Each structure stands twice: as structure tokens, then as C-alpha cells.
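Peer 1: Let me begin by handing over the structure; questions about it come next.
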2 protein chains.
Amino acid sequence: MKKLINAPEDVVREALAGVAAAHPELRVDLVNQIVVRAEAPRAGKVGLISGGGSGHEPLHGGFVGVGMLDAACPGEIFTSPVPDQILAATKAVESGAGVVHIVKNYTGDVLNFQMAAELATDDGVRVETVLVDDDVAVENSTWTAGRRGTTATLIVEKVAGAAAEEGQAIEAVAELGRRVNENSASFAVALTACTTPAAGKPGFDLPEDEMEVGVGIHGEPGRRREKLVSAKDIVQICLDAIQTAKPIGAGDRAIVIVNGLGGTPLIELYLVFGEVAAALRTAGVEIARSLVGNYVTSLDMAGMSVTVCRADDDIIRLWDAPVRTPALRWGG
Amino acid sequence: MKKLINAPEDVVREALAGVAAAHPELRVDLVNQIVVRAEAPRAGKVGLISGGGSGHEPLHGGFVGVGMLDAACPGEIFTSPVPDQILAATKAVESGAGVVHIVKNYTGDVLNFQMAAELATDDGVRVETVLVDDDVAVENSTWTAGRRGTTATLIVEKVAGAAAEEGQAIEAVAELGRRVNENSASFAVALTACTTPAAGKPGFDLPEDEMEVGVGIHGEPGRRREKLVSAKDIVQICLDAIQTAKPIGAGDRAIVIVNGLGGTPLIELYLVFGEVAAALRTAGVEIARSLVGNYVTSLDMAGMSVTVCRADDDIIRLWDAPVRTPALRWGG
């Protein structure tokens, strides 16, 4: 295993120390393993938190800040955060207006966030949960009942975060998050497996001439293995799956993300985006906004995912609202 | 070879088509292979361009925009842009105030930028060149007379770009760029080789338990091979080399970049930054500003570089000035 680490069991804590050093504008609680926006809680503002296993950076810690999350609670690598940790994050951002939990649909995350929500409720905090399950590759999987949650999480966090920032109430913030999720579909392709520090070797074997079609962000199996094809053909596979699950067509506008899984160079991601843009143009879909880069990764896995979110005026307005986080910044 | 591409010879052009689709605020000239800021040339503003081989994304195209470059001219992968291409970029941003060429010190780049500068001068354009040679690993190398230019290029582009944006004259803009370069030192370590689309296989062999200490951004040999050690020890190797070449100590302020070479997960880069911050704190150096992420890459190479730029008030003020590019945005 080749990694820039010290001991495998210290990776998450030591990386959080690096986040603290790099981003003095955030509060990093190394004991509870939570990353909190400096000015949280803010009176009257709905709190917004998310979390999940580490290894998907910059998700979620990289999206804490103005206009997005109030706190993130990273678990160990590919492991859900624990209920106490989620509870600590919830309380750190609660100002009386309630707290929205954004949860990717993996069984461990769902159970632990649910337990934390119950504990918070017992303490008088109102919690609403937005479950993200945008990955249309498989209906159930290794760690999931139902569809897996992947890159749409970023759009949910951005749009709900902007709504919370402008003072919308908890019902509206949660409803917007759910609306983004319902209108989003993602599909990923892996060219290589990833290696966790604890395992020290690739999570699965993938022959030199094959790709995993519909892979999950922990390397969970997708729909099938097949011979590696051109970027153009890979994009067609992704968009066909997306179109089948959540059709989008002439006159629709979309937020589109081409997301690297960690080990794929940016030049390839731009090339893929060019193919996605051409195909969507042919389908009559207007790409209203887009991102190209590493946003929801799978450690060092080579590959990428395409996310298409059908966007209405509200969603686009909130997407455009100012955001100031380590990994996403615009608008002042 | 596993890559998300179509034909190897089309990678750069097709990636540029993706850049055009993703960033409608930029003008991408697919014939000349140049990326230009929409509002260039702006009357009275010094033009700022850079370029070099592709494969180091987001350098340079990702740094075109308000407060940074006016244009970038990407060559083929790991290949200098040609003089005509550099000349086209120069003319696209010339408004009468002259054009600064920011050139990484590789023989091909130096010669081609020099030729383009002569052609531009013949056409009445004043050109100043800022040569970047911050990599302190080796004095001469495969493709270099003198030291190689790497991640300090980003700081040069940011600081000189801010100076040009606020209307400073060409001498002052170039002088600031040179000052940043003189005060910067970088050192890189590779855990794996990278694979160019044309070659289709890794550029060199690196045993499973070894690292290349002082590697160049094209995989050029560094100082030595040695057994892979802990992140803490790797950081010490990098900082020792930097301190020997350009000492920095108590009372100094620095802009520090921990830069991923492409294949290393962000969680590792943050862990490395934590070690760099701890070591510099011990040395009495104040990290005034920092970046952690993939900024000057080497395709899919695993590894990272540390850059330390001793920064005065001027440099920090210009670093903080607003920037709006695909890969770097802050301040409005």
C-alpha cells in the first residue's frame, strides 16, 4: 500500500488536524470529530448538517461554511459517524429553528442519524431528515436498502444551505432538499478499485481491460463488468441509465456534475464533460449550471460519475446564491 | 491503459471542448488551442498569459479569469505550446500596455515562449517574461537547464494577476512575479508514476515499497529512490530540502501549498498539510495563507509537493485580492 499517512488508524483524526490548520475560519472539534462553521449557531437560522464515512472528500467537511452546511461529522473511512458524534454536530448548530440532517442512503448512516435524531428530539431539538438516494445504478446493494446516495448530496447541501441562509423555515429547507434529490440521478463507472488504509490493498479486482459499470462510492458492485470503451460510449451508458430512471428532455434545464472518483485526472473529466454536454444538447436539455472536478470521491479510485439534476427557477436561484466553503466558493 | 478518453491524439482538443462547455464565461479557441478571458483585451490593462504542456490541470486553463491570467495556451500532454499558439494568446490579450509571459523553466517552453516574444515584439507588442524555477529538488534535469518550475507558478499567476488587475504597469507586474518566484521553494515526492495517453503505460517503474524523492511533474527523476516512510517523515524530507535552498524561519510569514500530483486522495493531502503546519510552527514560521488540493498535477501520479513562499505585505495583499477562475475563486 502506498499512502501519505502515518498509522492507518490515525488517518481521519490527523486529516482533521490538517483541515483545522488549513481553514482557521472553521471550528474543528478533534474530540467529537466534527467540523463546524465558525459563527454557528446563528439565531433564527435552521441548522444544516451532514456526515458519513470519510474517504469521499471534499464531501462533507469541504462544504461547511456560508451558504452550505453548518457542520459535518466525518466517520472513519467508509464507516458511518456514530450517534454521539451526529448529536454533537446537531447541538453545535441548533439555535431554536431546528436542524436538518442530510443523510446518504446507506444502512449504517440511516440508523445512526435516526438514533441521533431521536436523542436530539428528546433534548427538545426539532430534526428533519433529507435522505439522498440519487444513484440509479442499482435498487439495493451491499450496504443499502434502496438506491445509494452519491453526488446529488452536494446539490442538496448547496440548495438547502442557501435556503437556510436566507432564513427559510425548517419545513421549506427540508422540502427543497427532497425536491433536489427527487429530481437528481447519478451513475458511476470505475476503472480501478480503491484502497482503504485499513485494508492496505484494492477492495476488488478489476482486469486491466475492464470497467465496473454502475459502481458505488465504496467500490460496491454495480450492474456489470464489461470491456473498457471510449469516453463517448461510457457517457452514453451513464446517460441512458439516468434517462431510463428519471427522464429529462427538450425544454428541461439541469445542473450537471461530472465528478471524479479520486484517481482520474481533471483533463479526462473535462473531456467527459464535453461528451455529456454534446449528448444533452442533442436531447434538448439545457445545462443551466455545471461542475467538473473531484467532489464526491472514493479515495484513489479511477473513474467518474455523471449527475443530472432537473432544476426549476428556485433551485437555480439557490444554487447561484453565495457560498463560501473550502471546496465550493462563489458569489462574494 | 485505463483512461476516460477517445483517441489519445484527441485528448487535449476534446478536453478543451469540455472546458468551453463548462465555462461559458471563458472564450475557448479550439483552432489555436487557447483559453481567453471573456473581456480581454481590456484597455490599459497589462495582459498576463501562461502555458505549458497539458497534464498539469488545473494549471493553466483553470486559472484564467478575473484577477489572474488573461489567457492560457495548453500544449499537447507534457509538450510545450508552439510559438504560433503563444503568439495568438499574446495578441488576444494585448491592449497596448504590454503582455507578461509566465513561463515554467523547461527548455521547450523557454525556447518557444522566447520565439513567440520575439514575433510579438516585431509586431510592436512589449513582452516581459517571468521565468518560474521554484523546484529545489535538482539543479538540472531531463528537460531543464537550471531548476524546474512547478507549483509556485500558481502563486506567481495569482499575485501578478492581481497587480495587473489593479492597473499596475508591466515592469511592476513582472517584478512582482519574479519576487514571488525568488521567494518560493517547492519539493515533490512521487509514490507512483503517471501514464500519458500516448505512451499508454507508466513513465517509469517504482517498486511497491519505494518513493521517488524530488520527482518532477513529468515524472523526471528526483534526487533518489528510497523506501516509503511515514507522512511525517516525508514532510520533513521536503521541508529540509526547502529550508536548505531558501531558508525561512522565526518571524517569517509564508503562503504554503500542499499540492496533489493527481492520484492522491484529498484526505491524505490534508493529513500532510497538518504535518507541514506543525513543522513550520516549530520553526517559528507563520502560515499566512494556504491551499490544499490538486493545483499542479502530473496526470494520475500519486504523490504531492510542498511549496513555501515567503510573503511580504504586498504579496499577501495581492494574494487576497478577488479572483474568479474555474479553479480558484474568492473575494467577490
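Peer 1: Can you list, shortest first in nanometers, how far B:Pro8 lies from the same residue in the other copies, with each label 7 Å from Cα toward Cβ?
Peer 2: Relative to the other copies, B:Pro8 has label-point distances of 3.5 nm.
Peer 1: Still on this model: Residue-wise, which Karplus ³J(HN,Hα) couplings in Hz belong to the stretch A:271-280, taking 6.51 cos²θ - 1.76 cosθ + 1.60, θ = phi - 60°, and x for glycine or proline?
Peer 2: The phi angles translate into 4, 4, 4, x, 5, 4, 4, 5, 5, 5 Hz.
Peer 1: On to the next question. Is there a simple number for the mean count of other chain Cβ atoms within 10 Å of the Cβ of residues in B:1-13, and what is it?
Peer 2: 6
Peer 1: In Å² (nearest 100), what accessible area is buried between B and A, both sides summed, heavy protein atoms only, 1.4 Å probe?
Peer 2: Its buried surface, counting both partners, is about 4300 Å².
Peer 1: Here's something else I'd like to know. Please identify the longest segment of chain B free of exposed GluC sites (Glu not before Pro), where exposed means a DSSP state other than H, G, I, E or B and no more than 14 other Cβ atoms within 10 Å.
Peer 2: Here the longest run is B:209-332.
Peer 1: What spacing in nm lies between the two simple spin-label points modelled at B:Ile316 and A:Thr107, each 7 Å away from Cα in the Cβ direction?
Peer 2: Placing both labels 7 Å beyond Cα along the Cβ direction yields 5.3 nm.
Peer 1: Quick one: grab the alpha carbon gyration tensor of the stretch A:233-332, order the square roots of its eigenvalues as a ≥ b ≥ c, and give me rounded if a/c is under 1.5, else prolate or oblate depending on whether a/b is larger than b/c. Before the final figure, lay out each step's value.
Peer 2: Details: a/c = 1.98, a/b = 1.02, b/c = 1.94.
Oblate shape, in that a/c is at least 1.5 and b/c is the bigger or equal ratio.
Peer 1: Additional query: What number comes out for accessible area per residue over the stretch B:20-103 if the probe is 1.4 Å? Units Å², please.
Peer 2: 27
Peer 1: To continue, here is another question. For chain A, what number results from the quotient of the Cα radius of gyration and 2.2 N^0.38 Å?
Peer 2: With N residues counted in chain A, Rg over 2.2 N^0.38 Å equals 0.94.
Peer 1: Restricting everything to alpha-carbon atoms, can you work out Rg to Rh for the protein assembly as shown with a Kirkwood hydrodynamic radius?
Peer 2: On the way: Rg = 23.6 Å, Rh = 24.8 Å.
With Rg and the Kirkwood Rh in hand, the quotient comes to 0.95.
Peer 1: Let me ask something additional. Among rounded, prolate and oblate, which fits the stretch B:10-183 when a ≥ b ≥ c are the square roots of the eigenvalues of its C-alpha gyration tensor, a/c under 1.5 means rounded, and a/b larger than b/c means prolate?
Peer 2: rounded
Peer 1: With a cut-off of 8 Å between alpha carbons and a minimum separation of six or more residues, what is the relative contact order of the stretch B:170-272 in percent?
Peer 2: Values: 95 pairs, mean separation 22.7, N = 103.
Relative contact order, the stretch B:170-272: 22 percent.
Peer 1: With the cut-off at 23 Å, report for the stretch B:89-206 the share of all Cα pairs above it, as a whole percent.
Peer 2: Values: 2718 of 6903 pairs.
For the stretch B:89-206, the share of Cα pairs beyond 23 Å comes to 39 percent.
Peer 1: Roughly how many debye, to the nearest 20, is the charge dipole of the stretch B:1-74 about its Cα centre, given +1 on each Lys and Arg Cβ, -1 on each Asp and Glu Cβ, and no other charges?
Peer 2: 120
Peer 1: Something else: Would you mind giving the three semi-axes, in whole Å and largest first, of the ellipsoid equivalent to the stretch A:153-291 according to its Cα gyration tensor?
Peer 2: Listed largest to smallest, the semi-axes of the stretch A:153-291 are 29, 21, 13 Å.
Peer 1: Can you give me the long-range amide H partners of A:Val66? Hydrogens built in the peptide plane at 1.01 Å from N, cutoff under 5 Å, separation of 5 or more residues or another chain.
Peer 2: For A:Val66, whose amide H was placed from the backbone, the distant partners under 5 Å are A:Arg324.
Peer 1: Sum -39500 (n - 2.57) across every DSSP H segment of at least 4 residues in chain A, then divide by the residue count to get the 222 nm mean residue ellipticity, nearest 500.
Peer 2: It comes out at -10000 deg cm²/dmol, rounded to the nearest 500.
Peer 1: Could you check the spin-label model distance between B:Asp240 and A:Glu25? Points 7 Å from the Cα along Cα→Cβ, value in nm.
Peer 2: Distance between the two pseudo-spin positions: 3.7 nm.
Peer 1: Something else about it: What is the dipole size for the stretch A:130-178, taken about its Cα centre, with +1 at each Lys and Arg Cβ and -1 at each Asp and Glu Cβ, in debye to the nearest 20?
Peer 2: With Lys and Arg at +1 and Asp and Glu at -1, about 160 debye.
Peer 1: Moving to a separate point now. Pull up the DSSP beta bridges for the stretch A:184-320 and report the antiparallel fraction as a percent, rounded to 5.
Peer 2: 70
Peer 1: Count, for each residue of A:292-305, the Cβ atoms from other chains sitting within 10 Å of its Cβ, then give me the mean as a whole number. Let's see the in-between values first.
Peer 2: Details: counts 8, 8, 5, 0, 0, 3, 1, 5, 8, 1, 5, 2, 1, 0.
Mean partner shielding for this stretch: 3.
Peer 1: Under 5 Å between amide H atoms, partner at least 5 residues away or on a different chain: which partners does A:Ser54 have, H built in plane at 1.01 Å?
Peer 2: Residues meeting the criterion, in which the H sits 1.01 Å from N, are A:Gly75, A:Glu76, A:Ile77, A:Phe78, A:Thr79.
The values are calculated or read from the model by the stated rules, or taken from the named source; none is laboratory data. Worth saying up front: this structure is predicted, and the values here are computed from it rather than measured. A quick note on method: Cβ atoms are made from the backbone with ideal geometry, for glycine too, and the neighbour counts reach across all protein chains shown. Side chains are part of the model used for accessible areas, which takes the heavy atoms of the whole protein and leaves out ligands, DNA and RNA. Shrake-Rupley method; radii C 1.70, N 1.55, O 1.52, S 1.80 Å.
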